[in-house]
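> Okay, handing you the structure first.
The values are calculated or read from the model by the stated rules, or taken from the named source; none is laboratory data. Just so it is clear, the structure is predicted and the values come from calculations on it, not from any experiment. No Cβ is skipped: glycine too gets one built from the backbone with ideal geometry, and neighbour counts run over all protein chains shown.
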Amino acid sequence: MNARVTLYEGANILFPEGPRIVVAVGPFGYTVRDVTGGVHEVSWTDVQPARAIVDGRVDAVAESLMAVLSGLSDDALQESLDKLEVVLTMRTGFALGHPALARPGEPYSLFNPARKVSDSKKCEAMATILAREALLDRRRQRNLEAGKATPRARVGAVSQRQLMNWLADFDRPINGGLLALVDKRRVRRHSAFGGLDPEVRRIADDIAARIDGTQAVRSIDELLRRTLLALKAEGLDSLDPPESTLRTYLTQAAQAAGRTTRSHTTKKLRGVLALTAYPALRPGQVVAIDVTRSDTFCVDPWTGKPISVEIITALDVCTRVVLALRVVPRSANAIEAGLILYDVLRPFSQVVEPGQVHDWRWAGVPETIGSIEDAVAEAERLSARPLLGEHPIPGLLPDAIRADKGSIFTGRYFREVCTLLGIHLLLSRGKKPTDNAFVERWHETLQRCLLQLSGHKGRNVSQRGSDAGKIVVDKKGRAVFKGDGPGLTPRELELRLREFICTDYHRTRHGGLTVVDHTMEDRSPAVGMTPLEVFDALLAAVGRLHVLQRPDLLYDLLPQLWLTIRHDGVEYKDLTFDCAELDDFRSVPKGFFRDQDRAAPFFMDPRDLSRLWFRRPDTGAVVEVPWRRAFQLQAPMTDLVLKAATQAVKRRGGTNTTINKDSVQREILEAVNDIASIDRLRANPDMVDWKPNKVAAAHLRESRSQFDHAEAAEAGARGTRRTSRGASSKGTRAGASRSSSPPAFDPTQTAWPTLESQEGEP
């Protein structure tokens with residue numbers, strides 16, 4: 001019933017009293033003639049869309065009858081229409097009630113109203129006709145011979161008394177006509193448990209409301225027992241509700257809540273679901289960040305054992321561009337969550353060559369020149385670029401960060417980083433992953449890459465094979481997963497995921513990014529856009545994104561310490577750090593760095609506490625201040641490793657006041673180095689709490705720290721320019737020679753120029 005039609009004179013409309021013929025059509029309604037010849041005026045609002053069009057004739061349905069017929073099954077509807085034809089035949093001699101709609105052989109002389117035959121005779125004759133029709137029904141006869149019941153889609157043989165009742169029901173002035181012929185047993189109606197007293201339903205609802213995920217799943221019998229006890233406690237046991245109805249009511253409530261406590265919690269949280277979504281209108285307005293466990297095992301490069309890692313992703317909500325991705329050991333900590341913002345601020349590029357795919361390279365500042373039409377044309381041209389070449393990953397300064405309420409995002413460090421950069425922190429509601437739906441959906445897209453890699457362990461333990469995570473050595477001496485292929489280290493997994501982002505995800509048309517153009521069909525391939533196409537187009541519309549860029553940007557995001565520079569260096573956590581760069585600041589007066597004392601600001605990386613960093617106030621250069629015994633380290637000295645080593649020294653009494661600082665540092669060094677060797681680690685009773693996976697995590701974090709600081713030092717050596725956030729949209733280009741490996745951006749091929757582009761504007 002979904003096609004609207006134009007009524008015309010002679011159209012057949014089905015009313016509750018039977019079919020009527022349209023005899024006239026006017027501006028405010030239409031005129032119809034019923035089976036008795038009476039004429040009625042009907043308003044336009046009383047007709048629903050057409051039910052069917054047969055041989056050019058409209059078979060419409062009146063408004064008052066629509067609700068009943070739409071609730072009937074096809075068999076019940078056909079049975080009701082058969083009854084209507086039987087009654088109309090006995091009343092008018094025509095099956096459709098009108099001479100204009102006469103079928104071959106109509107009217108039947110016996111049923112001609114002019115003959116004035118009694119209803120009893122008519123019903124007797126019709127009963128005979130229906131009995132003969134039933135005998136001629138081959139399907140009914142086959143079912144009868146096979147002992148099967150015939151579906152109630154046909155009238156079949158009907159007694160004379162039953163036909164008399166049909167006529168009486170049809171002639172009723174109220175609720176007569178076709179409505180009276182509908183089998184009430186087949187009408188899809190529900191009394192909404194009207195047989196239950198309102199007080200009984202109230203108490204049952206209170207019992208059902210406790211199914212919210214906080215309690216164990218209860219059986220229906222237990223819910224029924226508690227409901228009856230609650231009725232008795234309130235003095236309502238005299239109501240004596242019907243047990244079967246009350247049990248059905250509680251069963252329906254339990255089914256609506258779900259079978260598990262997880263579904264109970266989900267249903268409870270639906271009450272806080274928003275009715276509308278706030279759209280991100282431009283790049284950088286909202287960046288979604290989340291952490292997920294990798295569904296692929298990695299090989300620990302230090303122990304050769306399989307390990308699990310996690311993936312941190314930053315996704316621009318407006319354009320769906322992946323701005324940053326890091327693979328970190330489980331479980332991710334606050335410093336790794338903060339440094340993902342360091343990657344978001346920096347634009348990257350990736351070079352794809354015939355025999356090699358390079359890592360993401362810090363490229364420069366995102367910039368656009370030209371009108372929106374030029375940007376769209378450029379985006380269309382770039383969509384057909386070959387796979388080989390350079391692929392951009394834009395950088396931006398977010399207005400807001402969307403993250404969950406994990407401790408790494410709600411902790412002090414991450415909040416301080418957001419405050420430093422002027423970023424609003426938007427936290428998702430508890431147990432509502434749909435608040436960060438875009439990055440959650442990205443995790444599903446990421447499966448397309450993870451499924452192709454060796455060591456895949458499945459989405460959960462039910463999908464994990466018996467050989468998952470088993471490492472063997474092949475003939476070439478390589479560590480391979482049993483029955484699969486060579487395993488990837490965490491660093492190699494990160495490179496593979498970044499390659500997938502540049503060469504696959506950013507180049508694939510995104511189903512959530514479409515162009516609103518009514519001249520295009522919804523399924524037209526021209527409607528879909530890739531994430532980078534949308535970023536280019538919107539970047540031209542909103543103008544250049546000014547992002548703070550300088551080689552030492554990393555140190556602005558590291559935790560800061562205030563330590564006093566003495567003649568023997570600076571002391572932190574019983575360790576002494578010193579270098580020649582501190583000579584000019586060993587005897588500074590009070591208030592030189594801050595008012596209250598002689599302390600100076602140092603930067604600390606919890607992933608590598610073998611060194612600190614100090615920014616010289618005269619030149620602004622960041623210098624490394626190593627630990628005096630750092631050259632003797634054989635193990636990574638992260639914050640957790642140093643804490644464990646210090647506690648081990650304290651447990652054996654190595655930090656009492658009679659021991660000098662050199663002895664304390666020597667014992668800490670020995671305790672840290674015990675972690676480097678699994679054999680020494682197991683032999684040291686003070687380090688019994690340390691597990692090999694902690695050692696692997698410490699190695700991964702230290703190596704990543706060295707990579708980040710080396711990258712910052714390389715950028716400083718290249719003379720990376722500094723750009724303030726409030727700079728002019730024109731901008732400047734620092735002159736420098738282009739690095740040879742990997743190649744920088746080609747301004748003629750991408751929308752983002754390099755940091756090494758030439759000085760001045762064209």
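> Could you check the stretch 465-515 and list, in sequence order, the residues that are outside any loop (DSSP other than H, G, I, E, B), touching a Ser or Thr at 6+ places or on another chain (Cβ under 7 Å) and hydroxyl-bearing (Ser, Thr, Tyr)?
Tyr505, the sole residue that qualifies.
> I'm trying to understand the selection: among the residues of the stretch 193-229, which are within 16 Å of Thr245 (Cα to Cα) and either acidic (Asp, Glu) or touching a Gly at 6+ places or on another chain (Cβ under 9 Å) (or both)?
Asp197, Glu199, Asp205, Asp221, Glu222 - these are the residues of the stretch 193-229 that are within 16 Å of Thr245 (Cα to Cα) and either acidic (Asp, Glu) or touching a Gly at 6+ places or on another chain (Cβ under 9 Å) (or both).
> Pick from the stretch 473-529 the residues that are of a type in the set (Asp, Glu) and at pLDDT 85 or above: which of them is farthest from Ala696 (Cα to Cα)? Walk me through how you get there before you give the answer.
Narrowing the stretch 473-529 to residues of a type in the set (Asp, Glu): 474, 484, 492, 494, 499, 504, 517, 521-522.
Still in the list and also at pLDDT 85 or above: 492, 494, 499, 504.
Values: Glu492: 15, Glu494: 16, Glu499: 25, Asp504: 31 Å.
Per the stated criteria, the residue is Asp504.
> Go through (1) at pLDDT 90 or above; (2) over 28 Å from Gly411 (Cα atoms); (3) part of a loop (DSSP other than H, G, I, E, B); (4) of a type in the set (A, V, I, L, M) and name the single condition Leu545 misses.
With (1) at pLDDT 90 or above; (2) over 28 Å from Gly411 (Cα atoms); (3) part of a loop (DSSP other than H, G, I, E, B); (4) of a type in the set (A, V, I, L, M) applied to Leu545, the lone miss is (1).
> Hey, does the stretch 562-581 have a residue that's assigned by TED's automatic domain parsing to the domain that holds His699, part of a helix (DSSP H, G or I) and surrounded by fewer than 18 Cβ atoms within 10 Å (Cβ to Cβ)?
Kept after step one, since they are assigned by TED's automatic domain parsing to the domain that holds His699, are these residues of the stretch 562-581: 562-581.
Of the ones still in play, those that are also part of a helix (DSSP H, G or I) are 580-581.
Next, from what is left, pick out any that are surrounded by fewer than 18 Cβ atoms within 10 Å (Cβ to Cβ): 580-581.
The answer is yes; a qualifying residue exists.
> Could you list, in sequence order, all residues of the stretch 234-288 that are at pLDDT below 85, in a loop (DSSP other than H, G, I, E, B) and aliphatic (A, V, I, L, M)?
Hits for the stretch 234-288 are Leu273, Ala274, Leu275, Ala277, Ala280, Leu281.
> Here's another thing I want to ask about it. In this structure, is Asp435 farther than 30 Å from Pro354 by Cα, touching a Gly at 6+ places or on another chain (Cβ under 6 Å) and free of Cβ contacts under 8 Å to residues at least 40 places away in the same chain?
Numbers: farther than 30 Å from Pro354 by Cα: yes; touching a Gly at 6+ places or on another chain (Cβ under 6 Å): no; free of Cβ contacts under 8 Å to residues at least 40 places away in the same chain: yes.
It is false that Asp435 is farther than 30 Å from Pro354 by Cα, touching a Gly at 6+ places or on another chain (Cβ under 6 Å) and free of Cβ contacts under 8 Å to residues at least 40 places away in the same chain.
> Could you tell me whether any residue of the stretch 438-455 is assigned to a helix (DSSP H, G or I), touching a strand residue (DSSP E or B) at 6+ places or on another chain (Cβ under 9 Å) and of a type in the set (Val, Ile, Thr)?
Yes, because at least one residue in the stretch 438-455 is assigned to a helix (DSSP H, G or I), touching a strand residue (DSSP E or B) at 6+ places or on another chain (Cβ under 9 Å) and of a type in the set (Val, Ile, Thr).
> Applying the selection to the stretch 209-231, what residues are at pLDDT 90 or above and not in a loop (DSSP other than H, G, I, E, B)?
Scanning the stretch 209-231 gives Ile220, Asp221, Glu222, Leu223, Leu224, Arg225, Arg226, Thr227, Leu228, Leu229, Ala230, Leu231.
> Considering only residues of the stretch 8-37 that are acidic (Asp, Glu) and buried (at least 16 other Cβ atoms within 10 Å of the Cβ), which is farthest from Gly177 (Cα to Cα)? Even if it seems obvious, please write down each step before you answer.
Initially, the stretch 8-37 is screened for residues acidic (Asp, Glu), giving 9, 17, 34.
After this cut, where a residue has to be buried (at least 16 other Cβ atoms within 10 Å of the Cβ) as well, the list is 17, 34.
Details: Glu17: 4, Asp34: 12 Å.
My answer is Asp34.
> Here's another thing I want to ask about it. Can you work out which of the residues in the stretch 471-490 that are out of contact with any Cys (no Cβ under 9 Å at 6 or more places or on another chain) and in contact (Cβ under 8 Å) with a residue 40 or more places away in the chain is nearest to Glu444 (Cα to Cα)? Outline the logic, then answer.
Narrowing the stretch 471-490 to residues out of contact with any Cys (no Cβ under 9 Å at 6 or more places or on another chain): 471-486.
Next cut, in contact (Cβ under 8 Å) with a residue 40 or more places away in the chain only: 471, 479, 481.
Working: Ile471: 27, Ala479: 28, Phe481: 24 Å.
Per the criteria, the residue is Phe481.
> Within the stretch 124-139, identify whether any single residue is in the same structural domain as Arg172 (by TED's automatic domain parsing), free of Cβ contacts under 8 Å to residues at least 40 places away in the same chain and part of a loop (DSSP other than H, G, I, E, B), and answer yes or no. I'd like the intermediate steps shown before the answer.
Applying the first criterion (in the same structural domain as Arg172 (by TED's automatic domain parsing)) to the stretch 124-139 yields 124-139.
Now drop any that are not free of Cβ contacts under 8 Å to residues at least 40 places away in the same chain, which leaves 124-125, 127-129, 131-139.
Those still in the list that are part of a loop (DSSP other than H, G, I, E, B) too: 137.
Checked against the condition, which is being in the same structural domain as Arg172 (by TED's automatic domain parsing), free of Cβ contacts under 8 Å to residues at least 40 places away in the same chain and part of a loop (DSSP other than H, G, I, E, B), the stretch 124-139 yields at least one hit.
> Does Arg201 count as within 23 Å of His264 (Cβ to Cβ), modelled with pLDDT of 75 or more and either surrounded by 17 or more Cβ atoms within 10 Å (Cβ to Cβ) or out of contact with any Leu (no Cβ under 6 Å at 6 or more places or on another chain) (or both)?
So Arg201 fits the description; yes.
> Moving to a separate point now. If Leu72 satisfies all but one of (1) surrounded by 14 or more Cβ atoms within 10 Å (Cβ to Cβ); (2) farther than 25 Å from Glu17 by Cβ, what's the number of the condition it fails?
Every listed condition holds for Leu72 apart from (2).
Per-residue answers, yes or no, for (1) in contact with a Cys (Cβ under 9 Å, 6 or more places away or on another chain); (2) at positive phi; (3) at pLDDT 95 or above:
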position: Cys298; (1), (2), (3): no, no, no
position: Pro306; (1), (2), (3): yes, no, no
position: Thr319; (1), (2), (3): no, no, no
position: Tyr342; (1), (2), (3): no, no, no
position: Leu345; (1), (2), (3): no, no, no
position: Gly364; (1), (2), (3): no, yes, no
